[in-house]
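Comments concern the structure below.
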Amino acid sequence: MRKILLFASILTVVLLSSCNKTKYGDATFWQQTGSGYGITVVNIEGVTSNITDEYDSSPSCGTSGCAVFNHLETGTYNYTASDGTDTWSGTVTITEDGCSKMQLY
């Protein structure tokens, strides 16, 4: 009987503790080859990252030259971006263990 109670107690603790774990994902912002934009600074919640390269097609998440945001808590965030001439703004949704790719054009 004690073993059953101990097992039930441990199972309850494990199940309850897993409910409160914070979940994370990533975001990658990019621009198309020939877009004509300069270095673009992307801002999410006061954190900035730069787009410094252009791509013929959607790059993989985390590709160098993209504005990459890693380990964001799941949810929807407002972003702003500017290359000094043009500006962008919108929202990006972060999903658990996912990567949201956003093309700025």
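Only the coordinates and a few stated rules stand behind these numbers; no lab work does. Note that this is a predicted model, so its numbers are computed, not measured.
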Hull volume in cubic angstrom per residue (convex hull over the Cα atoms of the stretch 31-72): 65
Under-5 Å amide H pairs with M102, H placed in peptide plane, nonlocal only: T28, F29, W30
Per-residue ³J(HN,Hα) for the stretch 61-68, Karplus 6.51 cos²θ - 1.76 cosθ + 1.60, θ = phi - 60°, Hz, x for Gly and Pro: 4, x, 4, 4, x, 8, 7, 10
